[in-house]
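First comes the structure, then the notes that go with it.
Every number here is computed from the coordinates shown, using simple stated rules; none is lab data. From a predicted model like this one, the values you see are computed outputs, not experimental measurements. Because the Cβ atoms are built from the backbone with ideal geometry, glycine has one as well, and the counts that use them run over all protein chains shown.
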Amino acid sequence: MEQLLSYASENSGSTSGGSGIWYIIMAVGLWKMFEKAGEPGWIGFIPFYNQYKLCEKVMNNPWYWLRLFVVIVPIVGWFMYFYFAYQMGKATAKAYGQPDGWAWGYTFLAPVFYCITGFSSQYSYYGPYGEGDTRTGEARQAKTVNFDVVEKAPEPAPTPTPATAPKEDDIEFDFHQDDLTE
């Protein structure tokens, strides 16, 4: 038992430091997202309350985040956790006018995607499930990046210019090249 406790105390520092940085990145992203949604930004730094308010803003169901505690149930709970996290991500993507594919980013890399959404002027808050989004399908797609490969037309070959011999004035002579310095 002592070995287990000493191992835990020796290895807990780096894990909690990384978790702290991860949480700060998430809180900063949520700060900007809440400001876009008309809420005070400091909510992003309050644990549990930030998830409560996020679910209220994107799903119109502030208590949905409690379903994420299903993770305490072994095996089945883990799968259910990812299902509920994906549903929250999907609602967040719709509420901020993003394609449904962003739900995977909100599920697995939430702090990064919160920062992208919060700091980008490209995304606006449209209400729970994107109810206030009156854009057409084409306008929604215009906000996404298109990585289609476009074939470029070949450039015309440059016209060859006739080579001219250098004039006597263009040639420089070095008369000291034969001098040996020792």
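Summary table below
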item: Residue satisfying condition, being assigned to a helix (DSSP H, G or I), of a type outside the set (S, T, N, Q) and under 20 Å from Ile21 (Cβ atoms), within set Phe79, Phe113; result: Phe113
item: Residue that is nearest to Gly29 (Cα to Cα), among those in the stretch 45-76 that are outside any helix (DSSP H, G or I) and among the hydrophobic types (A, V, I, L, M, F, W, C); result: Ile46
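Here is a yes/no grid of residues against (1) out of contact with any helix residue (DSSP H, G or I) (no Cβ under 9 Å at 6 or more places or on another chain); (2) closer than 17 Å to Lys57 by Cα:
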{"position": "Met88", "(1), (2)": "no, yes"}
{"position": "Lys94", "(1), (2)": "no, yes"}
{"position": "Ala103", "(1), (2)": "no, yes"}
{"position": "Tyr106", "(1), (2)": "no, yes"}
{"position": "Leu109", "(1), (2)": "yes, no"}
{"position": "Ile116", "(1), (2)": "no, no"}
{"position": "Tyr126", "(1), (2)": "no, yes"}
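Results for (1) of a type in the set (Ser, Thr, Tyr); (2) loosely packed, with under 15 Cβ neighbours inside 10 Å, shown as yes or no for each residue.
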{"position": "Tyr49", "(1), (2)": "yes, yes"}
{"position": "Lys57", "(1), (2)": "no, no"}
{"position": "Val71", "(1), (2)": "no, no"}
{"position": "Pro74", "(1), (2)": "no, yes"}
{"position": "Phe84", "(1), (2)": "no, no"}
{"position": "Thr92", "(1), (2)": "yes, no"}
{"position": "Val112", "(1), (2)": "no, no"}
{"position": "Tyr129", "(1), (2)": "yes, no"}
